[in-house]
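A.B. asks: Please find one structure pasted underneath; my questions will follow.
Just so it is clear, none of the values below were taken in a lab; they were calculated from the coordinates. What you see is a predicted model, and the numbers here were worked out from it, not measured in a lab. Cβ: placed from backbone, ideal geometry, glycine included. Neighbour counts: every protein chain shown.
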């Protein structure tokens, strides 16, 4: 099971080989501290790549949001920010946490809509009707249960 651990910079330097094994094989992550303050993180390459992809997707979504807000009145923007601050306070979160969650949901909903469009297109190509869907699901599940 992957674990998040803290380690001093000195210990990290002394045990780098062992840390690399724990990170790459077990999936553990480390927060490297200097003088008790977080300085860096050591994570496996797959996690790092996922973080980069998430960041790129969030930045892309944020760009889209800014494009949509470009024609908005300053009052509308101010009201939206105030509402976000109110919700964040009620939920004991930061405004940044709230905005990150909103962007993640936006990205997920966008991907769901893309998949739905793809599914509708394929269903049309295959001549499937809505009533065929449950039957096909049941058949697939029965095949998987018997496999």
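A.B. asks: Would you say residue 72 is in contact with a strand residue (DSSP E or B) (Cβ under 8 Å, 6 or more places away or on another chain), under 30 Å from residue 109 (Cα atoms) and free of Cβ contacts under 8 Å to residues at least 40 places away in the same chain?
C.D. replies: Spelling it out, it is not the case that residue 72 is in contact with a strand residue (DSSP E or B) (Cβ under 8 Å, 6 or more places away or on another chain), under 30 Å from residue 109 (Cα atoms) and free of Cβ contacts under 8 Å to residues at least 40 places away in the same chain.
The rows are residues; the columns are (1) closer than 19 Å to residue 60 by Cβ; (2) surrounded by 10 or more Cβ atoms within 10 Å (Cβ to Cβ); (3) within 29 Å of the chain's Cα centre (by Cα).
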| position | (1), (2), (3) |
| --- | --- |
| 93 | no, yes, yes |
| 97 | no, yes, yes |
| 102 | yes, yes, yes |
| 108 | yes, yes, yes |
| 118 | no, yes, yes |
| 130 | no, no, no |
| 136 | no, yes, no |
| 140 | no, yes, no |
| 145 | no, no, no |
